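Working notes, structure below.
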Amino acid sequence: MSGVHATGVVKRFGDRTILDGFSLDIAPGEFVALLGASGSGKTTFLRILAGLEDHDGGTVDAPGQRTVVFQEPRLVAAKRVRDNVLLGQRPTAQHRKAASAALAEVALAGQERAWPTTLSGGEAQRVALARALVRRPDLLLLDEPFAALDALTRIRMQALVADLVHEHRPAVLLVTHDVDEAILLADRVAVLQDGVVGVEVEVPFARPRRRGVAGFGDLRRRLLAELGVEETIGAA
Ligand SMILES: Nc1ncnc2c1ncn2[C@@H]1O[C@H](COP(=O)(O)OP(=O)(O)O)[C@@H](O)[C@H]1O
Ligand SMILES: [Mg+2]
């Protein structure tokens, strides 16, 4: 379990260079948020770490035991909740027990036999989280896992992920375009700009975190400025 070391990563699609000497380390147990505008290459980097995408240059070291939660839950409709959690694992008594424990951790105790189509969006995403955690990953990859949820469910899910990560202590890469989410959850925030990490900031706030804590607004404004966003809305 040696964490993530990505150095000088280059990724091209056709004649477009998406990552152009991108470097990022994540220590074991560290939570890093990767912020970037839409289309900046966040998912591409996460997919490279997951082993789902090749890269054209640089070196990438990542732990072998890694799991991914995507923006959509990606559940198999024809399989019950427990079998979705166990997907790709043999349904031994031990694995079933672990699946039930993971479902309990995401507040879905007793839902083992439910069908995915009967779940709300938030519940389905919690099943996806249980599926990622039951494998005890050394690296948990989260690709905008809250983006499709309504605002209140999103806040609950963010708190749940914070608790579960604190409990399990995998290294985490959270890809997001949501500055508040990055500040609330991560130990460190990296901003992806023009194919490289333009800025990296340690998040100085103690946990549990609140949006209103002193300094939150300043960090938020600074990161938004890096993303080219001005916060003021409405006529002067
Ligand atoms: N398989 C692919 N083939 C061609 N272009 C791609 C492919 N995957 C992503 N891209 C392009 O690479 C850029 C970065 O995409 P992505 O990593 O998904 O961005 P983000 O997750 O930051 O929104 C986008 O312009 C996207 O259209
Ligand atoms: Mg993406």
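Numbers at a glance
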| read-out | value |
| --- | --- |
| Residue that is farthest from R96 (Cα to Cα), among those in the stretch 133-146 that are open to solvent by less than 40 Å² (accessible area, probe 1.4 Å) and more than 11 Å from the chain's Cα centre (by Cα) | P137 |
| Qualifying residue in the stretch 24-40 (condition: open to solvent by 20 Å² or more (accessible area, probe 1.4 Å) and assigned to a strand (DSSP E or B)) | yes |
| Output for the stretch 32-63, where each listed residue is within 17 Å of S2 (Cα to Cα) and in contact with a helix residue (DSSP H, G or I) (Cβ under 7 Å, 6 or more places away or on another chain) | V60, A62 |
| Total residues in the stretch 60-117, condition outside any loop (DSSP other than H, G, I, E, B), of a type in the set (S, T, Y) and open to solvent by less than 70 Å² (accessible area, probe 1.4 Å) | 2 |
| Which listed residue, of F31, F22, is at pLDDT 95 or above, within 16 Å of ligand 1 (Cβ to nearest atom) and aromatic (F, W, Y) | F22 |
| Residue pairs meeting the criteria (Cβ under 6 Å; at least 6 apart or on separate chains; first farther than 16 Å from A190 by Cα, in the stretch 3-20; second at pLDDT below 95 and loosely packed, with under 14 Cβ neighbours inside 10 Å) | none |
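The values are calculated or read from the model by the stated rules, or taken from the named source; none is laboratory data. For clarity, every value in this text was computed on a predicted model and none was experimentally measured. Here Cβ is always computed from backbone atoms with ideal geometry, including for glycine, and neighbour counts include all displayed protein chains. Side chains are part of the model used for accessible areas, which takes the heavy atoms of the whole protein and leaves out ligands, DNA and RNA. Shrake-Rupley method; radii C 1.70, N 1.55, O 1.52, S 1.80 Å.
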